[in-house]
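Structure first, commentary second.
Values quoted throughout were computed directly from the atomic coordinates according to the rules given, and no laboratory measurement underlies them. This is a predicted model, so every value here is computed, not measured. Neighbour counts are summed over all protein chains in view; Cβ atoms, including those assigned to glycine, are modelled from backbone coordinates with ideal geometry.
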Amino acid sequence: MNIVVLVKQVPDTYSERKLSSGDHTLDRDATDAVLDEIDERAVESALQLKEANDGSEVTVVAMGPDRATDAIRKALSMGADKAVHLSDEAIHGTDAIGTAKALVKVLGTLEGTDLVLAGNEASDGRTGAVPAMVAELLGLPSLTHARELTVDGGTVTVRRETDDGVTVLTAELPAVVSVNEKINEPRYPSFKGIMAAKKKPVTTLTLADAGIEPSDVGLSAAWSTVTESNPKPPKSGGEKVEDEGDGGSKIAAFLVGQKLI
Amino acid sequence: MAVDRLLPTQEAEDLLDLTRDLADKELATRVEEHERAETYPEGLFATLGAAGLLGLPYPEEFGGGAQPYEVYLQVLEELAARWAAVAVATSVHGLACFPVATFGTDAQKERWLPELLGGGVVGGYSLSEPQAGSDAAALTCKAVAEEAGYRVTGTKAWITHGGRADFYALFARTGERISCFLAPGQVEGLSFGKPEEKMGLHAIPTTTAHWDGALLETDRLLGAEGQGLQIAFSALDSGRLGIAACATGLAQAALDAAVDYANERTTFGKKIVDHQGLGFLLADMAAAVDSARATYLDAARRRDLGRPYSRQASVAKLVATDAAMKVTTDAVQVFGGYGYTRDFPVERYMREAKIMQIFEGTNQIQRLVISRGLAR
């Protein structure tokens, strides 16, 4: 089975994330960058499938600036076999649709893909739409938000979990599956894995190499524009409620006002 | 804050990144629970083994990480900064692998090393006896040769990971002299005492072992018959460096906790770090941690270059463990009354530091080793 995992390098979740003052895109230089945790789980799923199916190969696909190679290396050191990195200055500021179009072109450079895996939502942009868009553009079944994943012969089955409940979905391969944070606990890379990862092949592609139209990607092609951004205001003192026998109702009214209940 | 380390290679940088990540997630999150409840961290050593951290200083061809001591010891230090008991047990495992890796025949290495270095298997070191600690040559446990192998009878003591380890480097008397064996963790005629009730390092048991005529196959003898003490002492030179690194990590953790607290807590209208009385105490603690690290790294680099390092290993063990005792005690002082409670980790650090001045050669024995090197 040929498995492709879509991974993204994101700012460390534990760091303070900022938008750059110029074009209001994510300021990637201001923070430590890591392989998104949800993508570690997608890689783990791929590795488990590989271990259960002899002769399988796991390919990591990433789109991002040069330093995204660190995230790729992490996935390779966990045990993925090879990687493709779309790295081109012109992709800066690409939105979810442009990202999906570009990833589909990159996927087109790989032959015989049976399963495309991804995290269900990156921890930076949080659009949570790219896996479904990729499936749509490829004309493949889309099985998103999987908390369990099994492949039996040519059939993939997932337990899809969302706020609306749990659904069991099956589809014929090839298909696109996105996983949620309950799918597994990702393994640590081993020291040997880290050493071996340095020797694994990473293909770096430009837009032209992948046959991507420059007009489909970048900030100028994005369907939405951020015109202004401000840092979150500091925490205020909050609101004090005097309990005059109606404290419970006042708290409930406050929570309703905040759209929390 | 991460220690700013000088590391020789990118490979070593990557290894330390892996260690910190794993230690933050697997050790720091579990240490309080297990040290308080005195329960064994099931599965943790398998995780360390799978990540390749149990065979770092040994050759790649047998499943080791082929890392110089300079790097391996800094890994131990990072582990110890999160969980001293686990770091000590990891160091002891390295010590237990030493006799077969260094004195084993090719056949013995091929048979055992891959499992010991990369199989998630844990080893213990069994030299001491109730009446023979510093005076190791006074040990009485006997291994009597017979046709099928060696029959072992006697009592061993102070075994880190006792009853839990998968194998032991065992030292026993064969006639007049002492020999070294690679003993299995379970064999008929071998039983273990109830875990000692220790001041610290609660999560990993320390026990006695009772050998009641257990039979070890002939090929479990490491080196020549009678070579045991030489093997034991050369292993201990390396083991002392491991303990020096563990003590340094423990001291670093205590310093970090004290510095964080001193930058938060205010008295008389300012942070306590800004009171010179406390600031100078913290400065002395930082100086002690830095000099402990510098001292063990000097010994490690000598070892890595193949130069004599026995004296430097003893100096490192002495300096680093005394530093750990001082720094952890002063960390409790920085926290004041809070430091004496179990609400903060410095109380545990102080208890954990004490044993480091005692095991793998008391600091008096280290002074003996050093002074013998000075006598003409």
The rounded separation in angstrom of the Cα centers of region A:81-131 and region B:183-261 is 51
Reduced to Cα centres, the span from region A:157-178 to region B:33-91 in Å works out to 40
Partner shielding of B:46-56, taken as the mean number of other chain Cβ atoms within 10 Å, equals 3
Here the convex hull volume per residue of region B:230-375, taken over Cα atoms and given in Å³, is 106
Excluding residues fewer than 8 positions from B:K354 in its own chain, the aspartates and glutamates with Cα under 13 Å of it are B:D322
Expected sort for A:189-198, B:297-306 on mean C-beta neighbours within 10 Å, highest first, is A:189-198, B:297-306
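Please compute the net charge surrounding A:E185, taking Lys and Arg as +1 and Asp and Glu as -1 over other residues with Cβ under 9 Å from its Cβ.
Details: positive: A:R41, A:R187; negative: A:E44.
So the surrounding residues net to +1.
Let me confirm one metric for peptide A:181-191, namely the mean number of other chain beta-carbon atoms within 10 Å of its residues' beta-carbons.
Details: counts 0, 0, 0, 0, 0, 0, 3, 12, 7, 8, 16.
The mean count of partner-chain Cβ atoms within 10 Å per residue comes to 4.
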One finds, for A:T206 and A:D70 with R0 = 22 angstrom and r their Cβ-Cβ distance, a FRET efficiency to the nearest 0.05 of 0.65
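Which whole number gives the average, over all residues in A:193-199, of C-beta atoms from other chains lying within 10 Å of the residue C-beta? List each step's numbers first, then the result.
Working: counts 4, 7, 7, 0, 1, 3, 0.
Other-chain Cβ atoms within 10 Å of each residue's Cβ, averaged: 3.
Name the GluC sites (Glu not before Pro) in region B:215-289 that are in a loop by DSSP and that have at most 15 other C-beta atoms within 10 Å, would you? Intermediate results must be reported in sequence, preceding the final value.
Numbers: sites: B:E217, B:E225, B:E264; in loops: B:E225.
When the GluC sites (Glu not before Pro) of region B:215-289 are filtered for loop state and at most 15 Cβ neighbours within 10 Å, B:E225 remain.
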Check: C-alpha center region A:25-80 vs C-alpha center region B:274-347, spacing in Å is 39
Once both label points are put 7 Å beyond Cα along the C-beta direction, the B:E176-A:T157 separation in nm becomes 7.4
With Cα coordinates, the longest principal axis of chain B makes an angle with the long axis of helix B:84-103, in degrees rounded to 10, of 30
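Taking only DSSP H segments of four or more residues, each worth -39500 (n - 2.57), what value at 222 nm results for chain A once the sum is divided by all its residues, to the nearest 500 deg cm²/dmol?
Working: 7 runs with 70 residues, N = 261.
Taking each H run of at least 4 residues, the total per residue is -8000 deg cm²/dmol.
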For the protein assembly as shown, the dipole about the Cα centre with charges only on Cβ (Lys and Arg +1, Asp and Glu -1), to the nearest 20 debye, works out at 2260
Expressed in nanometres to one decimal, the distance between label points 7 Å along Cα→Cβ at B:K194 and A:N53 is 5.6
With label points set 7 Å from each Cα along the Cα-to-Cβ direction at A:I251 and B:D274, the distance between them in nm comes to 3.9
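Assuming a ≥ b ≥ c are the square roots of the Cα gyration tensor eigenvalues, decide whether region A:2-221 counts as rounded (a/c under 1.5), prolate (otherwise, with a/b larger than b/c) or oblate.
Since a/c stays below 1.5, the shape of region A:2-221 is classed as rounded.
List the trypsin sites (Lys or Arg not before Pro) within region B:83-151 that fall in a DSSP loop (any state other than H, G, I, E or B) and whose Cβ has at most 11 other Cβ atoms within 10 Å. If you can, show how the numbers build up before the last one.
Numbers: sites: B:K109, B:R111, B:K142, B:R151; in loops: none.
Nothing satisfies the criteria.
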Among beta bridges assigned by DSSP with both residues in the protein assembly as shown, the antiparallel ones amount in percent, to the nearest 5, to 60
A student applying the Cα gyration tensor rule (rounded when a/c is under 1.5; otherwise prolate if a/b is larger than b/c, oblate if not) would label the protein assembly as shown prolate
